[in-house]
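Taking it in order: structure first as structure tokens, then the write-up.
The values are calculated or read from the model by the stated rules, or taken from the named source; none is laboratory data. Keep in mind that this is a model prediction, so the values were computed, not measured. FYI the Cβ positions are ideal-geometry reconstructions off the backbone, even for glycines, and counts take in every protein chain you see.
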């Protein structure tokens, strides 16, 4: 009797408000290239196609840095992203730069999402309680998945005081084992950690804490072409700015991952945009339409880039011209 179950995990991380198709620095066969990729309408299409392919056995998570970055998103204090995100079919999210408008504003944005914002490591000092739910247990394709969120731990340490608003942030190390036990007690077949600590910090964390099946990493903008294993834990991170969609297909038997396949899918310009999400994006960007990218003329105008979803254009130019060998990572923002 074959008792194998299948689950496809999808990931976006560090989208930084890049709602639409935009120019992005990408690895090329001989040197980096700068081409148009991304956009939530294309991500929506890819996610829908994968759901159809897998008969809906998909867990789709966002590692955060979502409500901040490009000018239209910042000017609206994250508002224009909410209806777009709600069309993607996401299961959960964690946070970092999303605190840019203060805790009260982030709570308001989170309350209007169709999925939970999770973090085991943010505390209200007045109550001692976590500011967001620490985890969620969700059933996907007959499997119960315990999703545990870990937000960036630097918000109250290196960022303006208005971001944290007095909240206390830890690295989640002390809390994680207890929450793994708790989701298992709720019947979780698999434990997925949704983290914004950064790839090196995540690898250290799971070298010290066992019981995590999959760790979805964010913050450091690594585009991993294959999962990294730490003990029995599979770790992926999927670039930044919505240029990629991470896909991890799991085969599960009796609560154990017995097989996996991984793709780092480029959100290519050739992907047909989802019409509903495309209309939402166009509406959201209408006030900024004059800042949208046209044909690439070989120049890297930092002011235009900052407005249209290319606020790293100056950095990209320097990397492309002077550091052509650096093809797999981007700096955290």
Test set (1) closer than 21 Å to residue 268 by Cβ; (2) free of Cβ contacts under 8 Å to residues at least 60 places away in the same chain - residue 43 fails condition number: (2)
message: Yes or no: segment 85-93 includes at least one residue that is within 14 Å of the chain's Cα centre (by Cα), surrounded by fewer than 24 Cβ atoms within 10 Å (Cβ to Cβ), at positive phi and in a loop (DSSP other than H, G, I, E, B).
response: yes
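Looking only at segment 117-129, filter to residues that are surrounded by fewer than 20 Cβ atoms within 10 Å (Cβ to Cβ) and in contact with a strand residue (DSSP E or B) (Cβ under 9 Å, 6 or more places away or on another chain); which one of those is nearest to residue 153 (Cα to Cα)?
Within segment 117-129, the subset surrounded by fewer than 20 Cβ atoms within 10 Å (Cβ to Cβ) is 123-129.
Of the ones still in play, those that are also in contact with a strand residue (DSSP E or B) (Cβ under 9 Å, 6 or more places away or on another chain) are 123-125, 129.
Numbers: 123: 11, 124: 14, 125: 15, 129: 16 Å.
Checked segment 117-129; the qualifying residue nearest to residue 153 (Cα to Cα) is 123.
Given the structure, is residue 110 in contact with a strand residue (DSSP E or B) (Cβ under 8 Å, 6 or more places away or on another chain) and surrounded by 24 or more Cβ atoms within 10 Å (Cβ to Cβ)?
Values: in contact with a strand residue (DSSP E or B) (Cβ under 8 Å, 6 or more places away or on another chain): yes; surrounded by 24 or more Cβ atoms within 10 Å (Cβ to Cβ): no.
Answer is no for this residue.
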query: Which residues, counting only those in segment 8-36, are surrounded by 24 or more Cβ atoms within 10 Å (Cβ to Cβ) and closer than 20 Å to residue 226 by Cβ?
result: 9, 10, 11, 12, 13, 14
message: Being more than 25 Å from residue 84 (Cα to Cα), in contact (Cβ under 8 Å) with a residue 24 or more places away in the chain and out of contact with any strand residue (DSSP E or B) (no Cβ under 8 Å at 6 or more places or on another chain) is the filter here; which residues of segment 1-26 pass it?
response: none
- request: Those residues that are on the phi > 0 side of the Ramachandran plot and over 22 Å from the mean Cα position of the chain (by Cα), I need them from segment 158-193; list them, please.
  value: 165, 166, 187
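So in segment 94-108, with the set limited to residues that are touching a residue at least 60 places away in the same chain (Cβ under 8 Å) and within 13 Å of the chain's Cα centre (by Cα), which one is farthest from residue 170 (Cα to Cα)? Lay out the reasoning, then the answer.
Kept after step one, since they are touching a residue at least 60 places away in the same chain (Cβ under 8 Å), are these residues of segment 94-108: 94-97, 99-100, 102-104.
Narrowing the set further to residues that are within 13 Å of the chain's Cα centre (by Cα) leaves 94-97.
Working: 94: 14, 95: 13, 96: 13, 97: 16 Å.
Filtering segment 94-108 for residues that are touching a residue at least 60 places away in the same chain (Cβ under 8 Å) and within 13 Å of the chain's Cα centre (by Cα), the one farthest from residue 170 (Cα to Cα) comes out as 97.
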- request: May I ask you to list the residues in segment 213-233 that are within 16 Å of the chain's Cα centre (by Cα) and closer than 19 Å to residue 180 by Cβ?
  value: 214, 215, 216, 217
task: Residue by residue through segment 47-80, note down the ones that are buried (at least 21 other Cβ atoms within 10 Å of the Cβ), over 19 Å from residue 139 (Cβ atoms), more than 14 Å from the chain's Cα centre (by Cα) and touching a residue at least 40 places away in the same chain (Cβ under 8 Å).
output: 70, 72, 73, 80
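Could you check, for segment 82-89, whether at least one of its residues is modelled with pLDDT of 95 or more and closer than 28 Å to residue 181 by Cα? So that I can check it myself, show each step before the final result.
First, the residues of segment 82-89 that are modelled with pLDDT of 95 or more: 82-89.
Among the residues that remain, those that are also closer than 28 Å to residue 181 by Cα are: 89.
There is at least one residue in segment 82-89 that is modelled with pLDDT of 95 or more and closer than 28 Å to residue 181 by Cα.
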